[in-house]
1. Which whole-percent values make up P(r) of segment 66-112 when all C-alpha to C-alpha distances are grouped in 10 Å steps starting at zero?
2. Could you list the square roots of 5 times each eigenvalue of the Cα gyration tensor of segment 100-147, that is, the equivalent ellipsoid semi-axes, sorted largest first and rounded to whole Å?
3. Give me the percent relative contact order of the chain, please, defined on Cα pairs under 8 angstrom at least 6 residues apart.
4. Would you kindly derive the ³J(HN,Hα) couplings of segment 148-155 from the backbone phi angles with the Karplus curve 6.51 cos²θ - 1.76 cosθ + 1.60 (θ = phi - 60°), listing them in order in whole Hz, with x for Gly and Pro?
5. Which values of log₁₀ I(q)/I(0), to two decimal places, follow from the Debye formula for the chain at q = 0.11, 0.17, 0.19, 0.21 Å⁻¹ with a uniform point scatterer at every Cα?
6. Kindly express, to the nearest 10 degrees and within the range 0 to 90, the angle between helix 109-123's C-alpha long axis and the longest C-alpha principal axis of the chain.
7. Along segment 157-162, what does the Karplus equation 6.51 cos²θ - 1.76 cosθ + 1.60 (θ = phi - 60°) give for ³J(HN,Hα), rounded to whole Hz, x for Gly and Pro?
8. Taking the solvent-accessible surface of protein heavy atoms with a 1.4 Å probe, what is the per residue accessible area of the chain in Å²?
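The values are calculated or read from the model by the stated rules, or taken from the named source; none is laboratory data. Remember, predicted model here, so these are calculated numbers, not experimental data. All accessible areas refer to the heavy atoms of the entire protein, side chains included, with ligands and DNA or RNA removed. Shrake-Rupley method; radii C 1.70, N 1.55, O 1.52, S 1.80 Å.
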Amino acid sequence: MNPKSPLMGRRIAFLGSSITAGAGALEDSFVDYLVATDGVIAIKEVVSGTTLAGNAPDSYVQRLYHRIPVTQPLDAFVCQLSTNDGRHDKAMGQVTGAQQRHGFDETTTLGAIETIVAYVQQHWAVPIVFFTCVRKHDANYGKLVQQLKVLQKKWYFTIIDL
């Protein structure tokens, strides 16, 4: 444990699927590492195989709405750019206009991302980080990463390419 870590005691919500859960790392995720070494107080909302898009109870948006209470204080919010949306044939959707701040199509991946960002900004007003996942070349995921960068210019969040 590093008692001088700038993350010590920070409450950070993590929303994702198998990578955030620790798949490929013997179920010991980077979130668990941050808790153990930096004293992060993690709210880890992960379900393997889930998608950003859609209205299923385990979609990212629905889990954000129903499993991370708005009364929970946060210092930051971290979201995995899902690798599952393409595999589950979720429509990518489109980035909305610069002034639109609500009413996104949550059945599309980009609409779900905008919904998540708007919700986090409205309820917690904390820094938001999206991280992309290392994987074999996947043209669709590459396009999604490019659209995430377009959304970054609209919403001013951070992207970490892993």
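1. 20, 38, 38, 4
2. Computed over segment 100-147, the values are 24, 14, 7 Å.
3. 21
4. Using θ = phi - 60°, the values come out as 4, 5, 5, 5, 4, 5, 7, 9 Hz.
5. Values, matching the q order: -0.41, -1.02, -1.27, -1.54.
6. It is inclined by approximately 50 degrees.
7. For segment 157-162, the Karplus curve yields 9, 9, 10, 10, 8, 8 Hz.
8. I get 51 Å² per residue for this part.
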